[in-house]
Amino acid sequence: MLKVGVLGAGHLGKIHLRLLNESEKYELVGFYDPDVINAKRVAEELGYSYFENINALIDAVDVVDIVTPTLSHFDCAKKAMKKGKHIFIEKPITNTLEEAEVLLSLESEYNVKGQVGHVERFNPAFTAVKDKIQNPMFIETHRLAEFNPRGTDVPVVLDLMIHDIDAILSVVNSEVNSVNASGVAVISNSPDIANARIEFESGCVANLTASRISLKNMRKSRFFQKDAYISVDFLDKKVEVVKMKDAPDKPGDFDMILQNAEGLKKQIYFENPDIKTNNAIADELETFADAIRNDSTPVVSLKQGTQALKVALQIIACFEK
């Protein structure tokens with residue numbers, strides 16, 4: 001079992017502590033949180049070992065799980081990696097692109113592994129159809145959330161939209177050509193609503209919308225490609241896969257047939273992929289343990305986390321223009 005320690009015992013940190021404590025791949029050594037009052041309360045109520053010194057915890061483990069505010073990600077990760085520890089780091093990877101690139105160098109220099117907590121990659125609805133998304137040419141995403149003060153330390157792009165940026169980059173096998181965006185600050189000092197258009201060299205276009213002041217929650221993405229439409233509901237864990245193929249010479253009574261202006265006939269049919277219930281946070285932590293054991297590339301590598309951050313920062317730069 002890999003010895004693991006958690007940095008940060010806030011809302012998400014407590015979830016990580018519980019899942020790591022239940023895991024058969026990790027041995028939870030303890031946690032560190034600079035908020036002493038909160039840390040002692042968590043230790044007393046939940047029974048986890050509290051370390052009063054961050055370096056002492058890092059020294060005692062093989063893996064450091066960083067679940068702290070974004071602004072502290074870099075310092076925490078750098079300390080751990082320079083001591084030869086593997087890191088799991090919540091999204092976004094860091095606050096700046098320069099910081100992320102330093103972590104990439106440290107990963108290589110100290111021969112450690114890192115994974116970024118882009119949890120939607122493990123959403124069962126997305127994993128059920130990811131292999132079916134091939135060369136998409138138009139993508140539309142909506143990620144709307146009710147207001148929560150916990151996320152307002154960063155713009156909505158880094159808080160919410162980055163989930164969709166990462167998912168899109170994982171299925172579009174092409175470099176980003178251009179980014180255009182607009183954002184509006186309503187409650188926070190940074191944009192609470194944002195819309196972005198990403199154009200790829202392949203010709204694919206992605207239109208992303210994110211809001212953290214919506215009246216209802218929504219997390220939906222739609223992928224359009226040659227002869228197929230794929231819809232993913234990340235919130236309700238549902239998918240729709242609609243495909244087209246050449247129509248048979250003698251269609252059945254219930255076959256759905258479309259004919260274009262040139263007379264070409266296509267048959268529409270539906271696929272129902274099997275969606276397996278899971279705990280996405282548990283899965284991302286468990287697969288990271290597998291990557292360490294097997295010396296394989298993590299599902300969401302530091303490089304991929306850096307790429308998602310780069311696009312997110314390009315979007316934010318558009319606001320400033």
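Kindly indicate which of SER202, SER188, SER170, SER211 is closer than 23 Å to ILE281 by Cβ and polar (S, T, N, Q).
SER170
How many of the residues in region 287-302 are in contact with a helix residue (DSSP H, G or I) (Cβ under 6 Å, 6 or more places away or on another chain) and under 25 Å from GLU199 (Cα atoms)?
Number satisfying all stated conditions: 3.
Among the residues of region 130-156, how many are touching a residue at least 24 places away in the same chain (Cβ under 8 Å), out of contact with any Phe, Trp or Tyr (no Cβ under 8 Å at 6 or more places or on another chain) and over 18 Å from ALA210 (Cβ atoms)?
The qualifying residues number 4.
Take the residues in region 270-291 that are open to solvent by 30 Å² or more (accessible area, probe 1.4 Å) and of a type in the set (A, V, I, L, M, F, W, C), then tell me which one is nearest to the chain's Cα centre (by Cα).
Looking at residues that are open to solvent by 30 Å² or more (accessible area, probe 1.4 Å) and of a type in the set (A, V, I, L, M, F, W, C), I get ILE281.
Any idea which of ASP166, ASP192 is within 23 Å of GLY117 (Cα to Cα), within 18 Å of the chain's Cα centre (by Cα) and among the charged types (D, E, K, R)?
ASP166
The values are calculated or read from the model by the stated rules, or taken from the named source; none is laboratory data. For clarity, every value in this text was computed on a predicted model and none was experimentally measured. Backbone-built Cβ (ideal geometry, glycine too); neighbour counts: all protein chains shown. The accessibility values were calculated without ligands, DNA or RNA, using every heavy atom of the protein model including side chains. Shrake-Rupley method; radii C 1.70, N 1.55, O 1.52, S 1.80 Å.
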